[in-house]
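> There's a structure below that I have some questions on.
The values are calculated or read from the model by the stated rules, or taken from the named source; none is laboratory data. Quick caveat, the model's predicted, so the values are computed rather than measured. When we count neighbours, we look across all protein chains shown, and the Cβ atoms used for this are built from the backbone with ideal geometry, even at glycine. Protein only, heavy atoms only, side chains kept; ligands, DNA and RNA dropped before computing areas. Shrake-Rupley method; radii C 1.70, N 1.55, O 1.52, S 1.80 Å.
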Amino acid sequence: MIEIVMDGQPRARIVVLEAASPVENHAAAELNKYLYQMSRIHLPVETVSGLEQTNIYIGSAAPTIELNFSEEVLGFDGYVVKTVGTDIALVGIKPYSCPYAVYHLLTRHLGCGFFEDGDQVPSQPSVTVGWLNDVCKPKFEWRNKCVAHFPAYSGHRWYSEEEWKQWFDWLVKDTDQHL
């Protein structure tokens, strides 16, 4: 078992490059937000890894791992959720694939649920995962949600900007659409 939080104490750090892209920083923040909701513990977000704790690498911070990151293996925007020793790599073929890897870890391995009407996050003092080796290639070429927005009949004009933002955020979290 890999310990992320144990009995209310952080046992891991989130690692991003100093020059991380905005989407990689967002993925790190999302992971930390949901781990906090689960355990009431914020993990440190750092730009260097360490030996004394588990490192959760986001995107380009991930060490070179034995995996083919070609488009043939991962498709246009696939991702990997993989343990490397006692560390975890959440990395994709594109920088924007990192949030998909984070939400995959949260839903498939940590018990979170993301629904259009709200999130369900388990509350627990310890957060652990087993060994991971998930290679996720979408079955479709483009992630796209097409919605008709004809101004005269669509409800879009009644949605506030905040309601639209919530809906688009949920679309990224909907891991059933990722594979």
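> What is the diffusion coefficient of segment 1-44 in µm²/s, taking the Kirkwood radius over Cα pairs and the Stokes-Einstein relation at 4 °C with a viscosity of 1.567 mPa s?
After rounding, the answer is 117 µm²/s.
> Next question. Sticking to Cα atoms, compute the Rg of segment 41-89 to one decimal and its Dmax as the biggest Cα-Cα distance, whole number, in Å.
12.5, 39
> Once you place label points 7 Å from the Cα toward the Cβ at HIS109 and THR86, how far apart are they in nm?
Those two pseudo-labels are separated by 1.6 nm.
> In nm, give the distance between the simple-model label positions of PHE69 and GLU18, each being 7 Å from the Cα along the Cα-to-Cβ direction.
2.0
> What is the spin-label model distance, in nm, from TYR36 to ASP134 if the labels are put 7 Å beyond Cα along the C-beta direction?
Label at TYR36, label at ASP134, 2.3 nm between them.
> Name the long-range amide H neighbours of ILE56: under 5 Å, sequence gap of 5 or more, or other chain; modelled H, no Pro or chain starts.
Sorted by chain and number, the residues that satisfy this are ARG13, ILE14, VAL15, ILE88.
> What is the mean projected area of the alpha carbon convex hull for segment 46-135, to one decimal in square nanometres?
With every direction weighted equally, the projected area is 6.9 nm².
> Give me, ordered by chain and number, the residues 5 or more places off MET6 or on other chains with an amide H under 5 Å from its own placed amide H.
Amide H to amide H, under 5 Å and 5 or more residues apart or across chains, MET6 pairs with ARG11, VAL127.
> Follow-up question, since we're still on this one. When the expected Rg is taken as 2.2 N^0.38 Å, what fraction or multiple of it is the alpha-carbon Rg of segment 20-59?
Rg over 2.2 N^0.38 Å, computed on Cα atoms: 1.18.
> Using a 1.4 Å probe over the heavy atoms of the protein chains, calculate the carbon and sulfur portion of the accessible area of segment 1-75 as a whole percent.
Exposed carbon and sulfur together represent 51 percent of the surface.
> Taking amide H positions as placed in the peptide plane 1.01 Å from N, state which residues far from VAL84 in sequence (5 or more) or on other chains have amide H under 5 Å from it.
ALA89
> Per 0.36 nm of contour for each residue apart, how much would the distance between ASP169 and ASP119 grow if the chain were fully extended, relative to their Cα-Cα spacing?
That works out to 16.9 nm of additional length.
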